[in-house]
Amino acid sequence: MMKKDVVFALNYALNKGFQIHPNAFEILEKIEIRDLEKVIRDIVREKTKQKVFHINQEDLEVFLGLKDEEELISDHKILSDPTLKITSSEGIIGFGALFSNRFLKLKKMVSNRPEAKLLKPISFVIASKSDNNDVFVCGLLVERNSERNVTRLVIDDPTGSLEGIVFDKDLQNIANGLLIDQFVMERISVSKNGGFIIKDIIVPNIPDHVPNFSKTETYAVFLSDLHIGSKYFMEKELEKFVLWLASPDPIARKIRFVLVAGDVIDGIGIYPNQEKELIFTNVDEQLKRALEILEKIPRHIKVFIIPGNHDPGRRALPQPAIPKKYNLDLWNRENFFMIGNPALISLNGVKVLMFHGQSIDDIVRTTPGLSFDNPTKVMRHLLQARHLSPIYGSQTPLAPEVEDMMLVDEVPDIFHVGHVHVVGLDLYKGVLLINSGAWQYQTPFQTSVGITPTPGIAIIVNLKNFKVYRKDFKIES
Ligand code: D5M
Ligand code: FE
Ligand code: ZN
């Protein structure tokens, strides 16, 4: 004879069109469940969302917290973090060193290509113009313009500067998509009138990539651009998300990592008249509030935080982690990891490249065919250039480091960026591209420039198979 509450709960599920597996009955007979009705209602709600209409033993175990969650691995390694590497030498000598390091590292990166064997220094090519054979040169792109059906490219190597013209239509499309100051290889020939014609353009790019997966079904959540301290920060939504992490939801139960790709707080003095749009007008208060919200993330979840252009530390890239002096408690929490921008981390062997994405502003402004509402397209260009922030002398400040730490040395399995406040998901040559949106409503500035954010959405990835879930936490008002 079944207990009354069991009968009631089962009828509820059956009336909702659910089937109940016999092994679920066994559990219900064996153990006393407090508030069984609520448990069944939760399961029905979650599984209806998943469009799965049966309840089995595992569902009950997961929702009752009986299932042993220890079996999910949550190993991490910080593979690369600029925080302790930045030196910040000053002045033009510093930039000279940065650019020559960028050139040499990228030249080395392409050195196993067959064309690389044929590379000649620009000064040599200019001096031996009479030689009519095609030659290969490489350099950093200093100028690119399109006029009267041709595209003109100027590249620099340490020996000189070379201007070439692209006539071919398809090649012009490639040429116009190149980012200023990125590394390019060109096959060139000399025209009748003595100019250089570009016959082929080769970018460093990433090879087709076979991603590393986690051995267990461990999930990671990707967030960015919280902008805590701003009037437009979606506090209720972020709190709802944090509470959900501790809920019996089967996906939440598998989350072991949360990644925050910068703009944790809104900062102060970041844009004109910002004070009028702030709830907390100093960085310490903003970070204190950030900690109050984020420390409710259960301790079995590791939280990785990089800074963005609104966070304290330094503005120029690469950025160190948000310094301890602003909030020691963020650093001291054992499940929090404060790292720099950009950073490469490994989560159960899955390599995640985290970058806030400041450079997207300059790239969108100077590259035809790119826009803020399609951030993953910009991210493809970054991977093709093997560089996160090529453009120098525009709005994104670069620090005059001796080593260019903005290079994409290693091909990541997941490339995680924020900054544009628009969710974007894509797969490029086997690399999962994620722009994780924002937790800030549209600001008056964004309205004025026509940026329509998609805030309040958490991007969740099963690291065992890269299955992606978008979970919307927006609260309708
Ligand atoms: O940047 C949020 C969004 O606003 C991002 O898409 C860039 C855009 N943005 C911010 N500042 C500028 C300027 N000065 N010009 C053009 N676009 C801009 P956030 O870093 O959160 O402020
Ligand atoms: Fe932002
Ligand atoms: Zn930003």
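The values are calculated or read from the model by the stated rules, or taken from the named source; none is laboratory data. Since the model is a prediction, treat every value here as computed from it, not as a measurement. Please note: Cβ atoms are built from the backbone with ideal geometry, for glycine as well, and neighbour counts cover all protein chains shown. SASA here: full protein model, heavy atoms, side chains in, ligands and nucleic acids out. Shrake-Rupley method; radii C 1.70, N 1.55, O 1.52, S 1.80 Å.
Pairwise Cα separations in segment 355-477 fall into 5 Å bins from 0 onward with the following percentages, short to long: 2, 10, 19, 22, 20, 14, 9, 4, 1, 0, 0. Remark: segment 143-193 carries a charge dipole of roughly 260 debye about the Cα centre, counting +1 on each Lys and Arg Cβ and -1 on each Asp and Glu Cβ. Taken about its Cα centre, segment 325-477 carries a charge dipole of about 460 debye when Lys and Arg each add +1 at the Cβ and Asp and Glu each add -1 at the Cβ. Longest stretch of the chain clear of exposed loop sites (chymotrypsin sites (Phe, Trp or Tyr not before Pro), DSSP loop, at most 14 other Cβ atoms within 10 Å, sites excluded): 168-477.
Of the GluC sites (Glu not before Pro) found in segment 377-477, the ones in coil according to DSSP and having at most 14 other Cβ atoms within 10 Å of their Cβ are GLU410, GLU476. Taking the centroid of alpha carbons for each part, segment 116-141 and segment 183-201 are 9 Å apart. Which whole-percent values make up P(r) of segment 4-64 when all C-alpha to C-alpha distances are grouped in 5 Å steps starting at zero? In whole percents, the pair-distance histogram is 4, 19, 37, 29, 10, 1. Per the 1.4 Å probe, what fraction of the accessible area of the chain, in percent, lies on carbon and sulfur atoms? In the chain, the share of accessible area belonging to carbon and sulfur is 54 percent. If you plug the beta carbon distance of LEU171 and HIS209 into 1/(1 + (r/R0)^6) with R0 = 35 Å, you get a FRET efficiency near 0.85.
Projecting the Cα atoms of VAL166, LEU370, LEU398 onto the charge dipole of the chain (Cβ charges, centred on the Cα centre) puts VAL166 farthest toward the positive pole.
Could you work out the helix-only [θ] at 222 nm for the chain, with each DSSP H run of four or more residues adding -39,500 (n - 2.57) and the total divided by the number of residues, to the nearest 500 deg cm²/dmol? Rounded to the nearest 500, the figure is -8000 deg cm²/dmol. Residues whose amide H falls under 5 Å from that of VAL258, counting only those 5 or more places apart or on a different chain, are VAL221, LYS302, VAL303, PHE304, with hydrogens built in the peptide plane. With R₀ set to 25 Å, the beta-carbon distance separating ILE78 from ASN101 gives a calculated FRET efficiency near 0.65. Rounded, prolate or oblate: pick one for the chain, where a ≥ b ≥ c are the square roots of the eigenvalues of its C-alpha gyration tensor, a/c under 1.5 means rounded, and failing that, prolate if a/b is larger than b/c, else oblate. Cα axes put the chain in the prolate bin. Distance distribution note for segment 111-202: the fraction of Cα pairs above 22 angstrom is 19%.
Segment LYS30..THR281, full-extension length gain: 84.7 nm, with 0.36 nm per residue of separation and the alpha-carbon distance subtracted.
Extent of segment 294-408 along its three principal axes (Cα atoms, max minus min coordinate, largest first): 45, 29, 27 Å.
Sequence-ordered 3J(HN,Hα) estimates for segment 32-39 from the Karplus curve with 6.51, -1.76 and 1.60 and θ = phi - 60° stand at 7, 10, 6, 6, 4, 4, 5, 4 Hz, glycine and proline given as x. Counting only alpha carbon atoms, the long axis of helix 235-245 and the longest principal axis of the chain meet at about 70°.
Is the shape of segment 334-393 rounded, prolate or oblate, going by the alpha carbon gyration tensor and its root eigenvalues a ≥ b ≥ c, with a/c under 1.5 for rounded and a/b larger than b/c for prolate? Here segment 334-393 falls in the prolate category.
Among SER123, TYR232, ILE457, whose Cα sits farthest toward the positive end of the charge dipole of the chain (+1 at Cβ of Lys/Arg, -1 at Cβ of Asp/Glu, about the Cα centre)? Final value for the positive-end residue is SER123. Here the extension length gained between GLU71 and ARG314 equals 83.5 nm, from 0.36 nm per residue of separation less the Cα-Cα distance.
Cross-link reach is defined here as a Cα-Cα straight distance under 22 Å, omitting same-chain residues fewer than 8 places apart; for LYS4 the lysines meeting it are LYS16, LYS30, LYS38. Near the amide H of THR216, within less than 5 Å, lie the amide hydrogens of ILE73, all on another chain or at least 5 residues away, with H placed in the peptide plane. Placing unit charges on the Cβ atoms of the charged side chains and taking the dipole of the chain about its Cα centre, the candidate lying farthest along the positive direction among PHE8, LEU294, GLY340 is PHE8.
Couplings 3J(HN,Hα) for segment 449-460, derived from phi with the Karplus relation 6.51 cos²θ - 1.76 cosθ + 1.60 (θ = phi - 60°), are 9, x, 8, 9, x, 10, x, x, 10, 9, 9, 10 Hz, where x marks Gly and Pro. Assuming charge only on the beta carbon of Lys and Arg (+1) and of Asp and Glu (-1), the dipole of segment 4-64 about its Cα centre is about 360 debye to the nearest 20. Applying 1/(1 + (r/R0)^6) with R0 = 25 Å to the Cβ-Cβ distance of SER146 and SER448 gives a FRET efficiency near 0.30. A crude spin-label estimate for the pair ASN332 and GLN50, with each label 7 Å from Cα along the Cβ direction, gives 4.0 nm.
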